[in-house]
1. Using Cα centres only, tell me the gap between segment 261-296 and segment 323-399 in whole Å.
2. If you stretched the chain out fully between ASN193 and ALA140, how much longer would it get, using 0.36 nm times the residue separation minus the C-alpha to C-alpha distance?
3. Would you please classify the overall shape of segment 153-210 from the alpha carbon gyration tensor, given that a ≥ b ≥ c denote the square roots of the eigenvalues, rounded means a/c under 1.5, and beyond that prolate means a/b larger than b/c while oblate covers the rest?
4. Amide H to amide H, which residues 5 or more places from ILE26 or on other chains are under 5 Å from it, using H placed in the peptide plane?
5. Counting pairs of alpha carbon atoms under 8 Å apart in space and at least six apart in sequence, what relative contact order in percent does segment 1-133 give?
6. Show me the chymotrypsin sites (Phe, Trp or Tyr not before Pro) within segment 156-244 that DSSP assigns to loop and that have at most 12 other Cβ atoms within 10 Å of their Cβ.
7. With +1 on the Cβ of every Lys and Arg and -1 on the Cβ of every Asp and Glu, and nothing else charged, how large is the dipole of the chain about its Cα centre, in debye rounded to the nearest 20?
8. Using the Kirkwood formula over every pair of different C-alpha atoms, what hydrodynamic radius in Å results for segment 46-120?
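No lab work stands behind these numbers, since they all come straight from the coordinates. Bear in mind that the values here come from a model prediction, so they are computed numbers and not experimental data. Every residue, glycine among them, receives a Cβ derived from its backbone with ideal geometry; neighbour counts consider all protein chains shown.
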Amino acid sequence: MTKIILKRGRDESLRRFHPWVFSGAIAQIVGEPAEGDIVGVFSQEGDFLAYGHYQVGSIAVRILSFSGEDVLGPDYWVNMVSRALNVRVSAGLAGDGGSTNCYRLVHGEGDGLPGLIIDYYDGVCVLQAHSVGMFRAKGAICEALKKVYGDSLKAVYDKSSGTAPFKAGLELVDGYLYKAPGFSDDEQIVLENSNKFYVNWTEGQKTGFFLDQRDNRALVGKYSSGRNVLNLFCYTGGFSVYALAAGAVHCDSVDSSKKAIDMVERNIALNGFDPSLHTGYCADAIDFLRDVPEDKYDLIIVDPPAFAKHRGVLNNALRAYQRLNAAAISKVAPGGLVFTFSCSQVVDKEAFALAVFSAAAQTGRSVRILDRLNQPADHGVNIYHPEGEYLKGLLLYVE
Ligand code: SAH
């Protein structure tokens, strides 16, 4: 196995279990590793530190194990997948007979598996590799999923074409790694807190559904009874379904994707709501808000895509959050609520709160923070890798 030897003093972050080795920390590579190979990482003094996936780039090694266990054998993947599943069972998300049968099974560094995302949709696992190592390991990961879930596993779908780094020799074509006999669908109905959703992993964005808003959708439900709801950036209508299930008088859902709006309408019908209670609009959210009469909505959800994908555009992103939130705060009816989110990892919760504060000040309205919102338990943050925290939100009460 290739040895990666770190520069003197550059072993400290690994000793604190941070799961990345930056290329600048490397003194010497003993061997000629191919991208995605498992390498051993050692200090300048020769101490073993960790095993990880090697890749050319700023993050040179993504750590798989700090303990020296055998990371090359099949038991490694079974062990890691089982540990991840145990966390979801502890959180009340996985297991039989619950009101939820979809969850994120593996959340990258949060589950000690940098570069790997697996979302579980009632027996269908949708895998996204973000590194060469995970992409090359997908066969072994699929075998582990078969062992861990047994007969209840319906399919494993690899959807890495949009996430794995484009490198020579990697054939980035999405497809099934496994299908149980008789399983032939690209879509299925899942349950989230007893609400039903179609999830289409081949056609949909990301793995097909935004599992990270489960708890925040439940909170929207808690506040929706008797309210006229506007769900901006609705995607497949998660918040809309919860709002109507909780007794909202009406819900308008807005997304710039026609496919998303079609899915919202199917999800509204799937849950048996009277179609007159809901309207879907394929439109730009900012344009839509501009034409909204003041006082029409008394609950507005603002859940845009990540405005900043890297630090270089942070200031522009903060300005965009401020503009969008000012528009929403200015339009909500007196005594109304705004649920506002950012899923940009580089915008931390303090910066986001400051952008929303500036937005509120711009409108001149009296605004209270009723709640601070986060990502849920199946998107857990490894305490040694705070970069894993990305979803944040505020629940505002606007007078
Ligand atoms: N709230 C959703 C997830 C939102 S993802 C849920 O709970 O599932 C962000 C969505 O914003 C995507 O569906 C994308 O199509 C949409 N979008 C991106 N830019 C937009 C814009 N300018 N106006 C309206 N929708 C937009």
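1. Taking the Cα centre of each part, segment 261-296 and segment 323-399 sit 22 Å apart.
2. My answer for the length gained is 15.9 nm.
3. oblate
4. LYS7
5. Averaging sequence separation for qualifying contacts and normalising by length gives 19 percent for segment 1-133.
6. Numbers: sites: TYR157, PHE166, TYR176, TYR178, PHE183, PHE197, TYR198, TRP201, PHE209, PHE210, TYR223, PHE233, TYR235, PHE239, TYR242; in loops: PHE166, PHE183, TRP201, PHE209, PHE210, PHE233, TYR235.
Sites meeting the loop and neighbour criteria: PHE166.
7. Dipole magnitude for the chain comes out near 700 debye.
8. Values: mean 1/r = 0.0723 Å⁻¹.
13.8 Å is the Kirkwood radius here.
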